[in-house]
Structure formats: structure tokens, C-alpha cells
Amino acid sequence: MHLLVSARDTGAAAHIAEIVPSLRAATDIEVTLVADEPALSYLRERGLSPQAFTVTSVATPVGTHAGALRNAARQLLKELKPDALLVGLSGPGVGVDEALLAEASALPTYAVQDYPGWIVEGFGVKPHTFFVTDQLAAQMTRARLNGARVIVTGSAKHTAYARLNTLTLREAGRVKLGQRGLQIGFYGQPAWFLPGYERAVTDLASALSAIGEGDPFYRPHPKESAADRARMASIFSRAGLTLRIDPNETAEQSLCAADLVVTCFSSCGADHIHLQKQSGVPLGAVAYLFTEDDLRRHHSEHAGSDVPPFATEGLALLAVDPRALASDLRRALDPATSRAMWQRIRNDLPDPTPAPGIILATIRES
């Protein structure tokens, strides 16, 4: 079997990076890997040598370069003649994954879902099979797509965490961050198109100023521009805080170093939770910042729920009222909260290590 595999976003690429070696180790499957930025650079750093997709398409609205994207995908499929397609599934926008799905609908098509329940509308063509992280993600995905074939695999990208020493990463990350005391990190997203994103961040800055635990750090999303970063710094400056840009090279080292991970709905929240699964001691907590209606609507439209799944499962905290945000943060920073979260995660979070094998077996059966 000749399998074409693609990725365009780093969240999906992290799954693909763990799956492709298992696929390539199989003697009955030939794998061609293609990627667009930022996944292209990520996969190259992991030593996987993907082929570059030739249309720049990060966060491109449908219609802007739709013709060019689909034509490039059509030409690639004509050239490679794959028997099946496996794509990453993350957003926003459209790119190589969505274009290939649209042009390869006659083939068996598979998608690895990064964020639980997340569906990328793309060009209106959905994969035949979704690989998802857990039963809740499966329920959310099936509820949104009647008749979709959904297979629970565990979180493929988090199989890599079994090879990490979380305490070594925590020590190194805190040295990089420099400041003594509690380390509170905000993990950004390219969500500035939602007015509530800026309002939520503004409320967060005010609440952090009120609790007086020092200057937070900020880890921008790869798709956030220099202007976005400057805008974020300005918001925190108006609250009397100096926003430190996270100096850690890897997200995992940064997440291990944090006492509190705050985000709206970045997959960094899931990453921290999976790091907790591997850690012998508590690493802090995750708090989802859901204080604005348009953030909840956007999440509901794309993931099928107005509450992040890990908050539903009690593995993360949820802040929904800006007036209570300071008290929510104080509770999240309480060591008793961190320990309770860690114990729940260790007991309840599914083991991700079988994921690549389940995906390989499913593709072989097609």
C-alpha cells in the first residue's frame, strides 16, 4: 500500500511525527510525507524529511487561494498515485490537508484529530475515518457528523512523553524563565479575530495584577505575528505587568516549568495534562479562560461543546466569569488544587502508547 500522509499545523504534526515511524517500519506500507508550514519545519526538526507542499496556505480563508490549493493537491495526487490518505486535523483556515481531502475523496481517507471534537470545515469534504483521543472526543465527533467512522486510539503525539524526564525539564525551564516565585504562563493562539479574545486577555492581565504573584510569561502561537505579540505586551503593560516572552525552546520544557498554564483553548492545555500523566509529582494546573461569549461560540462551532473537554472531565479548571477571575486564579495556584488535578489525571487519563499501532492496524484493514 502507498499511503500519503500530510500535515500543516504543529498540533497535528506532533501526532504525525509519532505515527509515521510506525508506518514506515511496516514492510507492507510505503509512506510519502508532505507538509506545509509550520508543520514542515517541525517535522524536519524531528528528522522525518517531509516533502514541501508548494502553496503557502497557513490560515487562508476558504476562497482566497482555493483554486491554487486544490490544483496543487490534484497535481500531487496525480504524481504520487497513493492508495490511501492520512491527514492531520487542526486549524484554523485551509491548507494541504483540506485540499488533499477534497481531491482524494475516491480514496480511503483518514484524519488524526488533534483537539477533541474539532472539525475543520475546509472545502466541505470530510475524511472517511477520524482517529480521536478518547471516548468523549468520539462522542463529540459522532454527534457533529452523523454516520462518521470514529476510532478511539489515545493521543498519538503524547506517546513521546514517555521518553521525557518531566522533573529535569521543569528545573531547566525554570532556570530559563529566571524570575523567582510562581511561574504563570499564558499560551497564545491566533484568535485575535474574535473580539472576546482581547477582552479575555485584558481581564486576565487585570486579575494577575490583582493577585500580585509577579510578572507572567507568554508563549505565542507560531501563527501569531510580531504585531500580535506587541499587542499582547501592551495589554499587560496597561495592567502594570511586564509580560515576559517564554525563552524555552520546547513547549514541553515550558509547560513543565509552569505552576499554572492559562489558555483559551490551545492544545498546550492537553500537552500539560499529558505531561502530568508522566510525572511522579504534581506540575501545577491548567485553567481555560472562557470568560467571553464569542470564545465559547467559536469553540462550540468547531469542537461541538462550549466547554473544553478536559474541564468537563475534571482534569482542568474553567474560568467563565471575569469578575471571579482573580479568585479562580488563586484557587488554581493552591498546591492542594494542583495535587488533586494530578491525582485525577494519573488515574483517569487514557494511556496514549497504543495509538500508533491502532492507527496502523486500521489502515491495513482498508
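Read the figures in this text as sums done on the coordinates, not as results from a lab. Source: prediction; values computed, not measured. Methodologically, a virtual Cβ is constructed for each residue, glycine included, from the backbone with ideal geometry; neighbour enumeration extends over all protein chains shown.
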(message) Is there a quick way to get the dipole size of region 177-245? I mean about its Cα centre, with the Cβ of Lys and Arg at +1 and of Asp and Glu at -1; what is the value in debye to the nearest 20?
(response) 140
(message) I'd like the antiparallel share, as a percent to the nearest 5, of DSSP beta bridges with both residues in region 40-190.
(response) 10
(request) List, largest first, the extents of the alpha carbons of region 80-202 along their principal axes, each in whole Å. (result) 57, 40, 32
(message) If I take R0 = 25 Å and measure r between the Cβ atoms of residue 41 and residue 211 in this structure, what FRET efficiency does the formula 1/(1 + (r/R0)^6) give, to the nearest 0.05?
(response) 0.10
(request) Would you calculate the separation in nanometres between label points at residue 348 and residue 281, each defined as 7 Å from the Cα along the Cα-to-beta-carbon direction? (result) 2.5
(request) Would you work out the relative contact order for the chain, in percent, from Cα pairs under 8 angstrom that are 6 or more residues apart? (result) 16
(message) Using a 10 Å cut-off around each Cβ, can you sort 218, 187 from fewest to most neighbouring Cβ atoms?
(response) 218, 187
(request) State, in angstrom, two size descriptors of region 212-270 derived from its alpha carbons: Rg to one decimal place and Dmax to the nearest whole number. (result) 11.7, 30
(request) May I ask for the Kirkwood hydrodynamic radius of region 273-315, worked out over all distinct Cα pairs and given in angstroms to one decimal? (result) 11.8
(message) With bins 5 Å wide starting at 0, give me the P(r) of region 163-348 over every alpha carbon pair, in whole percents.
(response) 1, 8, 18, 22, 23, 17, 9, 2, 0
(message) Is there a quick way to get the dipole size of the chain? I mean about its Cα centre, with the Cβ of Lys and Arg at +1 and of Asp and Glu at -1; what is the value in debye to the nearest 20?
(response) 300
(request) Treat each spin label as a single point 7 Å out from the Cα along the C-beta direction, and report the residue 146 to residue 366 distance in nm. (result) 2.5
(message) Counting just the Cα atoms, what span does the chain cover along each of its three principal axes? Round to the nearest Å and put the largest first.
(response) 59, 43, 37
(request) Express as a percent, rounded to the nearest 5, the fraction of DSSP beta bridges in the chain (both residues included) that run antiparallel. (result) 0
(request) Starting from the Cα of residue 323, step 7 Å along the direction of its Cβ; do the same at residue 237; then give the gap between the two resulting points in nm. (result) 3.2
(request) Calculate for the chain the 222 nm mean residue ellipticity that helices alone would give, adding -39,500 (n - 2.57) per DSSP H run of length 4 or more and normalising by residue count, nearest 500 deg cm²/dmol. (result) -13500 deg cm²/dmol
